[in-house]
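Peer 1: Provided herewith is a single structure, encoded as structure tokens, for subsequent inquiry.
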Amino acid sequence: MSIPPDLNPYPHTALHDFEAWLLPYWTTIQKLAKHNRSAPSGLPETVNHQKPPSYWIKEIFSSGKRGKDYNKVIDGIAILKKNDLMIAIQACPELKAFVNRIISLCDEEKIIS
């Protein structure tokens, strides 16, 4: 039995931590962590510097005055909550490709340039 062409899956693999897509919101991360540590340099999806993006966020949270460690689920939601996702989409080519794949399945005319 073959899968009809319109039901084929569209694989997309992120090469980085989810946190790479949070790095464009560094000001929010600083506020939540209660620390003014500088953002890592470079494009969010290329940040590594011997440690992945999640470590950068874990470090600012652990050295901040917040008193709690970084929690991917709770703090990830808090970082994104009042921010425009378009900021991360424009800063992160892989995220943009992922979002555009979803959009293209619905309406090709709505692709984000």
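Peer 1: What is the percent of Cα-Cα separations in the chain that go past 25 Å?
Peer 2: Tail fraction, whole percent: 31.
Peer 1: Tell me, what is the 1.4 Å probe accessible area of residue 58, in Å² to the nearest 10?
Peer 2: Ignoring ligands and nucleic acids, residue 58 comes out at about 90 Å².
Peer 1: Run down the lysines and flag those whose C-alpha is under 21 Å from the C-alpha of residue 58, throwing out any fewer than 8 positions away in its chain.
Peer 2: Here the lysines satisfying the reach criterion relative to residue 58 are 31, 34, 68, 72, 81, 82.
Peer 1: Sorted by accessible area (1.4 Å probe), largest first, how do 45, 108, 59 line up?
Peer 2: The residues order as 108, 59, 45, largest area first.
Peer 1: Which of the DSSP-defined H helices in the chain satisfy a minimum axial length of 18 Å, computed from C-alpha atoms, and a minimum mean Kyte-Doolittle hydropathy of -1.0?
Peer 2: Membrane-span-like by this rule: 93-106.
Peer 1: With every protein chain left in place, what is the accessible area per residue of the stretch 56-113 in square angstrom, probe 1.4 Å? It would help to have the intermediate numbers written out before the result.
Peer 2: Numbers: 3900 Å² over 58 residues.
Value for the stretch 56-113: 67 Å² per residue.
Peer 1: While we're on this one: On the protein heavy atoms, probe 1.4 angstrom, tell me the percent of accessible surface of the chain carried by carbon and sulfur.
Peer 2: After summing per-atom areas, the C and S share lands at 57 percent.
Peer 1: While we're looking at this one, here's another question. What length, rounded to one decimal in nm, is gained on full extension from residue 59 through to residue 35, with 0.36 nm per residue of separation minus their alpha-carbon distance?
Peer 2: Contour length minus the Cα-Cα distance gives 7.6 nm.
Peer 1: Then there is this: If each DSSP helix of 4+ residues adds -39,500 (n - 2.57) and the sum is divided by the residues in the chain, what number results at 222 nm, nearest 500 deg cm²/dmol?
Peer 2: Using -39500 (n - 2.57) per qualifying helix, the result is -13000 deg cm²/dmol.
Peer 1: Using a Gaussian network model on the chain with a 10 Å cutoff between Cα atoms, which of 30, 50, 90 fluctuates the most?
Peer 2: 50
The values are calculated or read from the model by the stated rules, or taken from the named source; none is laboratory data. Keep in mind that what you see is a predicted model, and the values were worked out from it rather than measured. Heavy atoms of the whole protein, side chains included, go into the accessibility calculation; ligands, DNA and RNA do not. Shrake-Rupley method; radii C 1.70, N 1.55, O 1.52, S 1.80 Å.
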